[in-house]
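In what follows, a single structure is set out as structure tokens and then discussed.
The values are calculated or read from the model by the stated rules, or taken from the named source; none is laboratory data. Given the structure is predicted, the values throughout are model-derived calculations rather than measurements. Cβ sites come from the backbone with ideal geometry, for glycine too, and all protein chains shown count toward neighbours.
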Amino acid sequence: MRTTIQFRTQSPVGDAVINASRQVWLASLGAAVVTRDWAQAEAGTMFRTLVKEGTAVESRTIRLVGDRLEGSLAMANTFWKQARTTVQATVKQAADTAVTLVQNNLPRSLPKVTLPAMLAADRPKAKKRVTKTKRTVKPRAAKPAKRAKRGAKSATRK
């Protein structure tokens, strides 16, 4: 027993489905041909026009962004200077207050504190400083005194 499947194409719904899919196929082929013709004839000029418009928009955008960025940097620089001045003034004021507090509350000279004997024994002893001894210098032979030439000459002349 063999079963064969037979398609009936005589129903109005089946014919419409097949015709519709064929029409979609033919429309896509037509679109491909029209696109090819357009690309060969007009795409180059259209592409150049799009590039030209894109370049103009890009330059305007860069100029606008540059102007806003410049203004933002100037404003940030102003805020930075204000913050720096404020911090410097605050730190100076705190330092002046600390100096005044120390001057008013601490004595001019602090008392000398000596360690108890048992704590002093635990401290490591300070190393003795080694002093360099002076080197003995040999006395130099005395140079003979220079004679006065005038006196010698005048004595021989007489």
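Annotations
Rundown of residues vs (1) surrounded by 10 or more Cβ atoms within 10 Å (Cβ to Cβ); (2) aromatic (Phe, Trp, Tyr); (3) at pLDDT 75 or above; (4) touching a Cys at 6+ places or on another chain (Cβ under 9 Å), yes/no style:
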position: Asp67; (1), (2), (3), (4): yes, no, yes, no
position: Leu106; (1), (2), (3), (4): no, no, yes, no
position: Pro111; (1), (2), (3), (4): no, no, yes, no
position: Leu115; (1), (2), (3), (4): yes, no, yes, no
position: Met118; (1), (2), (3), (4): no, no, no, no
position: Val137; (1), (2), (3), (4): no, no, no, no
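Yes/no per residue for (1) surrounded by 10 or more Cβ atoms within 10 Å (Cβ to Cβ); (2) modelled with pLDDT under 90; (3) within 27 Å of the chain's Cα centre (by Cα):
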{"residue": "Thr45", "(1), (2), (3)": "no, yes, no"}
{"residue": "Arg48", "(1), (2), (3)": "yes, yes, no"}
{"residue": "Gln88", "(1), (2), (3)": "yes, no, yes"}
{"residue": "Lys92", "(1), (2), (3)": "yes, no, no"}
{"residue": "Gln103", "(1), (2), (3)": "no, yes, no"}
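- Hey, Thr35 surrounded by 10 or more Cβ atoms within 10 Å (Cβ to Cβ) and either small (Gly, Ala, Ser) or without any contact (Cβ under 8 Å) to a residue 24 or more places away in the chain (or both) or not: yes
- Taking the listed residues Gly54, Gly14, the one that is modelled with pLDDT of 90 or more and surrounded by 10 or more Cβ atoms within 10 Å (Cβ to Cβ) is Gly54, with no other qualifying.
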